[in-house]
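Accompanying notes for the structure given below.
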Amino acid sequence: FMSKNYLILVLSLFVTSQMFAQTLPDVISYDDLKWEMVEGKNYVLDVNGVELWDTLSKEDFIKKFGVPTKIHNEDGALDWPGEPKHRMYYYDDSYFETYDGEFNSFYIKSPEYKVLTKYFKAGIGVGDHISALKDFKDGVLCLRKTNEYLLQSISEGFFTLRTDDQGHIVSIDYNFPM
């Protein structure tokens, strides 16, 4: 037979784990998002102070983010005549993408990189809790699917934050529909 204290411990762990798995239950669903909800909402998205759509040279990337572990198409051999020059700067399992030097997408899995540094003193990054964005006044946080949130505004693009079951951010990315 189990002792009373052991049973209380097991039940409290079960209740606690269920509570952690239910992150931000009052956040709206992406499917329920209406255009009117994002009207007037607009934020400036940045990574470590570098704003989306800023133009950066290879040297600028190295100054801002350090020496990349790999640069896709660094020599331009894969560029097509008349098309924008495409580069991807890899930092282990994170990357930043440019077209003609214009910063237009990213994928972050490292706590080294922070987004929304103009709004949050230390920025938001991998390891932070998703609840930090719950009452963000310049965007609408919505649940897209289990452990995947979008921060919506009037602008186009998909600013996605994925979490573990406890609500801690494990990856952050932005993609612009092309």
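The values are calculated or read from the model by the stated rules, or taken from the named source; none is laboratory data. This is a predicted model, so every value here is computed, not measured. Glycine gets a Cβ as well: all are built from the backbone with ideal geometry, and neighbour counts include every protein chain shown. The accessibility values were calculated without ligands, DNA or RNA, using every heavy atom of the protein model including side chains. Shrake-Rupley method; radii C 1.70, N 1.55, O 1.52, S 1.80 Å.
So that you can scan it fast, the table gives a plain yes or no per residue for (1) open to solvent by less than 50 Å² (accessible area, probe 1.4 Å); (2) among the basic types (Lys, Arg); (3) under 10 Å from the mean Cα position of the chain (by Cα):
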position	(1), (2), (3)
Lys109	no, yes, yes
Phe136	yes, no, no
Gly139	yes, no, no
Asn147	yes, no, no
Ser155	no, no, no
Phe159	yes, no, yes
Arg162	no, yes, yes
Ile169	yes, no, yes
Pro177	no, no, no
*For Asn42, all conditions in the list (1) in a loop (DSSP other than H, G, I, E, B); (2) open to solvent by 80 Å² or more (accessible area, probe 1.4 Å); (3) farther than 30 Å from His129 by Cβ; (4) modelled with pLDDT of 50 or more hold save one; what is the number of the exception?*
(3)
*Filter segment 120-157 for residues that are touching a residue at least 24 places away in the same chain (Cβ under 8 Å) and of a type in the set (Val, Ile, Thr) and give the result.*
Ile124, Val126, Ile130, Val140, Ile154
*Could you say whether any residue in segment 111-123 is aliphatic (A, V, I, L, M) and either open to solvent by 40 Å² or more (accessible area, probe 1.4 Å) or assigned to a loop (DSSP other than H, G, I, E, B) (or both)?*
yes
*Any idea which residue in segment 98-107 is farthest from Asp75 (Cα to Cα), counting only those that are more than 10 Å from the chain's Cα centre (by Cα) and aromatic (Phe, Trp, Tyr)?*
Phe103
